[in-house]
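Novice: Before I ask anything, let me first share the structure, which is written out below as structure tokens.
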Amino acid sequence: MTDGRFPRTAALVLLASTGLAHAEEPAAVPPEAATDAPTVRRRTSTLAEIYRGPFRSSRLFAMPTADVVGAYVMTVSGEGSLLQQPGALTSAGVLAIGFGDIAQLEYRHTSAISVEGVTAPVPAVGVQLAIPLPRRPGIPAFGVAFRLGVPRDEQIDAFELEEKVTDLYLVARWRGGAAGWLTLHGGTRVSSASLTVTDAMGLAIGTVEKRLVLPTGGLELQMNDEAKLVAEAGLAPRFMWMPGADPAIGYGLLARLGLRWSVLPSVIFDGSIGYQQEVGTVEPPAGRGGIVQWDIRLGAEVFVPWGALACRATGAFCD
Amino acid sequence: MKQLGRSLMLVVATTAVARAQPQPDVPTLPPDPGGAPAAPGTDPTADPQPGDPPTVQADPPVAPPEAPYDPYPAPSASVPDEPPRPPINMPEVLTTPTGFLLPAAVFYTKFGLDTGGGATFDSRIGLGDVAEFGVATTDAIRQRQDDSDEDSDRIQPYFTASFRLGVGEDRLFKHQPAVALGFRKSFETKSEGYESRIAELTLVASKHFGDKFAMHVGGAFWDASLAGQLDSGDDVEDRSITFHDVATPKDQFRPFGGIQARPLPRSLILIDLGWAPEFCYQCATDARKIRLRPVLSWGVRYEVASWMRIESGVRVPDIGDANLLNAQIFGQVSFTSWGLRRAIDRAKQ
């Protein structure tokens, strides 16, 4: 990517997975209308009926999609990697709650690359909207996500670094009409990133702010009724600083290839291989052979149909 | 450690031999207490008295031929029906990966010991029938001090995590081999003052030919990092190198593969050829500090039960030098479990 080309290794992985799944016999994918049907909230519903769903995720791995979790539903997500930085568990999480049928409020960690070179989750609060257009097979759906950055502190020697990223995502989702096993996602992430460095006395050494336009995209391949292969790639802000130098903000490529497995209708397990390459940085790139910097990330997303639970328990929020 | 290894291998071998024996003869039924009525006026439980007429011992009742006594009764029909579980194809030949993935929510655990004092552990779980995650310790990574050091030692325990995804055999079209793309990476390991890591990206295809033969062919792309005092002499500073910096992509790539044959219903003969990194801390050039060594293994796998398998064989850590003196005899036992899958299936109902 440093020479203007997409990394060949990542491209081969994506192409290979696409080719494999292209020949896949169509899995039994529920029609879009069915996946959009919310859980019915009745006082007489059993817990098994409540947790049977259907539930709808509003993200791939890190990228938002043109969906929201839905009204009266909350999701809790978490993921972590033990391998990216030796001895350190990097993790990220999302707490999202449906706000009507077209919006959700969330507290999440948005992706960025920290000064220490790891994919560091930067906290953010946000709102995500599914643009209410008529949904027909073959017609893309659109969504907007705004994530207001919350400062993240990083300590290097006696220096304090404050990183902050505010994002605006514009995303589209296209689900193959007849070939329901393929879903494509694409969009643009407009990021305003800032990095402030202060010394041990609290004096500011340097501050930098930068607005970045970062393309992002992904695809989902329905492999069977419960599992999807997911590939996602996008640019992310990268913070750079070393003692004696001015802070700077560049960008790096983050890519993930893995699966999302609905262990239960209300529990999705995530597993993926992560790829990271710095773009336009002062550090030498790892190159195409540098797979020792890749990592394995595991996570899960749990849906809590709080409206249906409250209805069953107290009679509130019932249909 | 060697004694422990020998003891474990003995126990495992004994278990296998015992499990392989035919079932014992069907024992005769005990006398039916209600089947032979006592003579009127006599206490059937009383001891015989002198002068009593000799009693004729009634023949014990014979069970009807259509209902023989079964010492290993089948599970009661009242047990809830469970879908038949297919046989599990193993994710490894002996040391190299196969294209087969574990079924969803199936656990796989393997323990291994060898005569060189190596101990390994491998635990995996199938994810959604299309992926697999595992953590393991390996004893295949080796270290040497310098160019004059002819014998390499193993670094252990060397902890790794792996993630593989792919498609099963015949899933896309008839005669399509199982294909798996895997990534394995180690946690940073410190040995003799040096920190090292390895990573391996594999693509492997596996194909059954009939019921008794299968072949595995793949390629691995290796990377590694090494940090510490890599130069000899005084006043040298610690530094780090990576395999992708000191080698070409061609040097990082290695083909691997294996074959398996099933001469008997429960026994397999396995042969595989793989590769493992070797670190040489004080070798003269950086290119010699991280190298890949071929490892040849052959052995047998006996399926003790649907949930347990034992393996034994020979592993030559550096077949490139044809040095059989370093060959090791190993024993491995692996277990598989559908327990989590059953729990998930029940939770879905």
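The values are calculated or read from the model by the stated rules, or taken from the named source; none is laboratory data. This one's a predicted model, so the numbers in the text were calculated from it and none came from an experiment. So basically every Cβ, Gly included, is an ideal-geometry build from the backbone, and we count neighbours across all protein chains shown. SASA here: full protein model, heavy atoms, side chains in, ligands and nucleic acids out. Shrake-Rupley method; radii C 1.70, N 1.55, O 1.52, S 1.80 Å.
Novice: Taking into account only those residues within region B:304-349 that are over 12 Å from the mean Cα position of the chain (by Cα), more than 25 Å from B:Gly117 (Cα to Cα) and assigned to a loop (DSSP other than H, G, I, E, B), which is nearest to the other protein chains (Cβ to nearest Cβ)?
Specialist: B:Gln349
Novice: Please work out which one of (1) closer than 23 Å to B:Thr98 by Cβ; (2) surrounded by fewer than 21 Cβ atoms within 10 Å (Cβ to Cβ); (3) touching a helix residue (DSSP H, G or I) at 6+ places or on another chain (Cβ under 6 Å); (4) in contact (Cβ under 8 Å) with a residue 40 or more places away in the chain is the condition B:Leu296 fails and give its number.
Specialist: Condition not satisfied by B:Leu296: (4).
Novice: Could you grab me the full set of residues in region A:146-173 that are of a type in the set (A, V, I, L, M, F, W, C) and at pLDDT below 90?
Specialist: Taking region A:146-173 and keeping what is of a type in the set (A, V, I, L, M, F, W, C), we get A:146, A:148, A:150, A:156, A:158-159, A:161, A:165, A:168, A:170-172.
The answer is A:Leu148, A:Val150, A:Ile156, A:Ala158, A:Phe159, A:Leu161, A:Val165.
Novice: May I ask you to say which residue of B:Phe173, B:Phe187, B:Phe163 is at pLDDT 90 or above and within 13 Å of another protein chain (Cβ to nearest Cβ)?
Specialist: Working: B:Phe173 fails: at pLDDT 90 or above; B:Phe187 fails: at pLDDT 90 or above.
Exactly one residue qualifies, and that residue is B:Phe163.
Novice: Quick one: which of B:Ala161, B:Ala178 is without any contact (Cβ under 8 Å) to a residue 40 or more places away in the chain, farther than 17 Å from B:Leu292 by Cα, open to solvent by less than 40 Å² (accessible area, probe 1.4 Å) and small (Gly, Ala, Ser)? Before the answer, list the steps.
Specialist: Values: B:Ala178 fails: without any contact (Cβ under 8 Å) to a residue 40 or more places away in the chain.
Checking each option against the conditions leaves just B:Ala161.
Novice: Check A:Met240 against each of (1) out of contact with any Asp or Glu (no Cβ under 9 Å at 6 or more places or on another chain); (2) in contact (Cβ under 8 Å) with a residue 60 or more places away in the chain and name the one condition it does not meet.
Specialist: The number of the failed condition is (1).
Novice: Working carefully through the options B:Arg197, B:Arg171, find the one that is open to solvent by 20 Å² or more (accessible area, probe 1.4 Å) and not in a strand (DSSP E or B). Outline the logic, then answer.
Specialist: Working: B:Arg197 fails: not in a strand (DSSP E or B).
Going through B:Arg197, B:Arg171 in turn, just one is open to solvent by 20 Å² or more (accessible area, probe 1.4 Å) and not in a strand (DSSP E or B): B:Arg171.
Novice: Can you name the residue in region A:250-266 that is under 15 Å from A:Gln293 (Cα atoms) and of a type outside the set (A, V, I, L, M) and is also surrounded by the fewest Cβ atoms within 10 Å (Cβ to Cβ) among such residues?
Specialist: Result: A:Gly252.
Novice: Here is a follow-up. Give the residue that is farthest from A:Leu229 (Cα to Cα), with candidates limited to residues of region A:246-270 that are touching a Leu at 6+ places or on another chain (Cβ under 6 Å) and facing another protein chain (nearest Cβ under 10 Å).
Specialist: A:Trp261
Novice: Of all residues in region B:143-153, how many are under 19 Å from B:Ile329 (Cβ atoms) and either open to solvent by less than 40 Å² (accessible area, probe 1.4 Å) or not in a strand (DSSP E or B) (or both)? Break it down into steps so the answer makes sense when it comes.
Specialist: Taking region B:143-153 as the starting set, the residues that turn out to be under 19 Å from B:Ile329 (Cβ atoms) are B:151-153.
When the remaining residues are screened for being either open to solvent by less than 40 Å² (accessible area, probe 1.4 Å) or not in a strand (DSSP E or B) (or both), the result is B:151-152.
Residues meeting the conditions: 2.
Novice: Give the residue, chosen from A:Pro243, A:Pro237, A:Pro215, that is within 16 Å of the chain's Cα centre (by Cα), open to solvent by 50 Å² or more (accessible area, probe 1.4 Å) and away from every other protein chain (no Cβ under 13 Å). Let's see the steps before the verdict.
Specialist: Details: A:Pro243 fails: within 16 Å of the chain's Cα centre (by Cα); A:Pro237 fails: open to solvent by 50 Å² or more (accessible area, probe 1.4 Å).
Matching residue, one of A:Pro243, A:Pro237, A:Pro215: A:Pro215.
Novice: Is it the case, given these coordinates, that B:Arg346 is closer than 21 Å to B:Asp223 by Cα and either of a type in the set (Asp, Glu) or surrounded by fewer than 20 Cβ atoms within 10 Å (Cβ to Cβ) (or both)?
Specialist: Numbers: closer than 21 Å to B:Asp223 by Cα: no; either of a type in the set (Asp, Glu) or surrounded by fewer than 20 Cβ atoms within 10 Å (Cβ to Cβ) (or both): yes.
Against the criterion (closer than 21 Å to B:Asp223 by Cα and either of a type in the set (Asp, Glu) or surrounded by fewer than 20 Cβ atoms within 10 Å (Cβ to Cβ) (or both)), B:Arg346 does not qualify.
Novice: Could you tell me which residue of region A:294-318 is farthest from the other protein chains (Cβ to nearest Cβ), considering only residues that are open to solvent by 50 Å² or more (accessible area, probe 1.4 Å) and without any contact (Cβ under 8 Å) to a residue 40 or more places away in the chain?
Specialist: A:Thr314
Novice: In addition: Among the residues of region B:118-142, how many are in contact with an Asp or Glu (Cβ under 9 Å, 6 or more places away or on another chain) and open to solvent by less than 10 Å² (accessible area, probe 1.4 Å)? Show your work before the answer.
Specialist: Narrowing region B:118-142 to residues in contact with an Asp or Glu (Cβ under 9 Å, 6 or more places away or on another chain): B:118-120, B:122, B:124-126, B:128-129, B:134-139, B:141-142.
With open to solvent by less than 10 Å² (accessible area, probe 1.4 Å) added as a condition, the list becomes B:118, B:126, B:128, B:134, B:139, B:141.
So the answer is 6.
Novice: What are the pairs with Cβ atoms under 6 angstrom where one residue, in region B:228-247, is under 14 Å from B:Phe279 (Cα atoms) and within 14 Å of chain A (Cβ to nearest Cβ) and the other, located anywhere, is in a helix (DSSP H, G or I) and open to solvent by 30 Å² or more (accessible area, probe 1.4 Å)? Sequence gap at least six, or different chains.
Specialist: From region B:228-247, the pairs are B:Ile241/B:Asp286; B:Val246/B:Asp286; B:Val246/B:Ala287.
Novice: Follow-up question, since we're still on this one. When region A:68-86 is examined, which residues are found to be surrounded by fewer than 21 Cβ atoms within 10 Å (Cβ to Cβ), at pLDDT 90 or above and assigned to a loop (DSSP other than H, G, I, E, B)?
Specialist: Answer for region A:68-86, where residues must be surrounded by fewer than 21 Cβ atoms within 10 Å (Cβ to Cβ), at pLDDT 90 or above and assigned to a loop (DSSP other than H, G, I, E, B): there is none.
Novice: What tally of residues in region B:93-106 results from selecting those that are more than 14 Å from chain A (Cβ to nearest Cβ) and either touching a helix residue (DSSP H, G or I) at 6+ places or on another chain (Cβ under 8 Å) or open to solvent by 30 Å² or more (accessible area, probe 1.4 Å) (or both)? Talk me through it step by step, then tell me what you get.
Specialist: Going through region B:93-106, the residues more than 14 Å from chain A (Cβ to nearest Cβ) turn out to be B:93-98, B:100.
Then keep just the ones that are either touching a helix residue (DSSP H, G or I) at 6+ places or on another chain (Cβ under 8 Å) or open to solvent by 30 Å² or more (accessible area, probe 1.4 Å) (or both); that gives B:95.
Adding up the residues that qualify gives 1.
Novice: Which of the residues that make up region B:321-343 are over 30 Å from A:Gly53 (Cα atoms), open to solvent by 40 Å² or more (accessible area, probe 1.4 Å) and in contact (Cβ under 8 Å) with a residue 40 or more places away in the chain? Give the derivation first.
Specialist: Going residue by residue through region B:321-343, those that are over 30 Å from A:Gly53 (Cα atoms) are B:321-336.
Add one more test, that the residue is open to solvent by 40 Å² or more (accessible area, probe 1.4 Å), and what stays is B:321-326, B:329, B:335.
Selection gives B:Asn326, B:Ile329, B:Phe335.
Novice: Now, a different point. Scan region B:203-217 residue by residue and report those that are open to solvent by 10 Å² or more (accessible area, probe 1.4 Å) and more than 11 Å from chain A (Cβ to nearest Cβ).
Specialist: Applying the first criterion (open to solvent by 10 Å² or more (accessible area, probe 1.4 Å)) to region B:203-217 yields B:203, B:205, B:207-213, B:215, B:217.
Matches in region B:203-217: B:Ala205, B:Lys207, B:His208, B:Phe209, B:Gly210, B:Asp211, B:Lys212, B:Phe213, B:Met215, B:Val217.
Novice: Next up: Being more than 27 Å from the chain's Cα centre (by Cα) and either open to solvent by less than 10 Å² (accessible area, probe 1.4 Å) or in contact (Cβ under 8 Å) with a residue 60 or more places away in the chain (or both), is that true of even one residue in region B:183-192?
Specialist: Yes.
Novice: Quick one: A:Gly187 ticks every box in (1) at pLDDT 90 or above; (2) within 30 Å of B:Asp345 (Cα to Cα) bar one, so which box is it?
Specialist: (2)
Novice: Within region B:256-293, work out how many residues are of a type in the set (Lys, Arg) and open to solvent by less than 10 Å² (accessible area, probe 1.4 Å). It would help to see each step written out before you state the result.
Specialist: The first filter runs over region B:256-293 and keeps only residues of a type in the set (Lys, Arg), leaving B:262, B:266, B:288-289, B:291, B:293.
Add one more test, that the residue is open to solvent by less than 10 Å² (accessible area, probe 1.4 Å), and what stays is B:289.
Count: 1.
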